[in-house]
Amino acid sequence: MSAITFDTLKYVERLTAAGLPESHAKAEAEALREALGDLIELKSLATKDDISQVRIQISEAKADIIKWMPGLMLAQAGLVAALVKLII
């Protein structure tokens, strides 16, 4: 998770200088810090578009594997046949 720099002490000092009671200023600073942290967490989540792109990539990889399998099976069968011929 990314960290965001938020100086709560400076924020509390500004609010108290503006006339807000210190207890309210501290509560406001803590709430804002938590909200900013939640925002960072939300930005790191995958979107529906991200998920659909991953699904497309998986489908493409699956198609590539399916294309290679018959050739590999024929090569394996040929290798086994050659080894059997050498042994017998």
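Read-outs: derived from the displayed coordinates by stated rules, not from any lab. These figures come from a predicted structure and were not determined experimentally. Positions of Cβ are backbone-derived with ideal geometry, glycine not excepted, and every protein chain shown enters the neighbour counts.
In order along region 51-59, the phi-based Karplus estimate (6.51 cos²θ - 1.76 cosθ + 1.60, θ = phi - 60°) of 3J(HN,Hα) comes to 5, 5, 5, 5, 4, 4, 5, 5, 4 Hz; Gly and Pro are listed as x.
Pairs of Lys residues in the chain are counted when their Cα atoms are under 30 angstrom apart and they lie 8 or more places apart or on different chains; the count is 7. A compact globular protein would have a Cα radius of gyration near 2.2 N^0.38 Å; the ratio found for region 1-45 is 1.30.
Here is the P(r) of region 47-88: all C-alpha pair distances, binned every 10 Å from 0, give 26, 25, 20, 16, 10, 4, 0 in whole percents. Label sites at VAL54 and ARG14, each approximated as a point 7 angstrom past Cα along Cα to Cβ, lie 3.7 nm apart. Here the gap between GLU30 and ASP64, fully extended at 0.36 nm per residue and compared with their Cα-Cα distance, gives a gain of 7.1 nm.
Put simply, the chain fits an ellipsoid with semi-axes of 67, 14, 7 Å; these come from the alpha carbon gyration tensor as the roots of five times its eigenvalues, largest first.
Divide by every residue of the chain the summed helix terms, -39500 (n - 2.57) for each DSSP H run of at least 4, and state the resulting mean residue ellipticity at 222 nm, rounded to the nearest 500 deg cm²/dmol.
Working: 3 runs with 72 residues, N = 88.
Estimated from H runs of four or more residues: -29000 deg cm²/dmol.
In the chain, with Lys and Arg counted as +1 and Asp and Glu as -1 at Cβ, which of these residues, VAL54, ALA17, ALA81, has the Cα nearest the positive end of the dipole, that is, farthest along it? Positive-end residue among those listed: ALA81.
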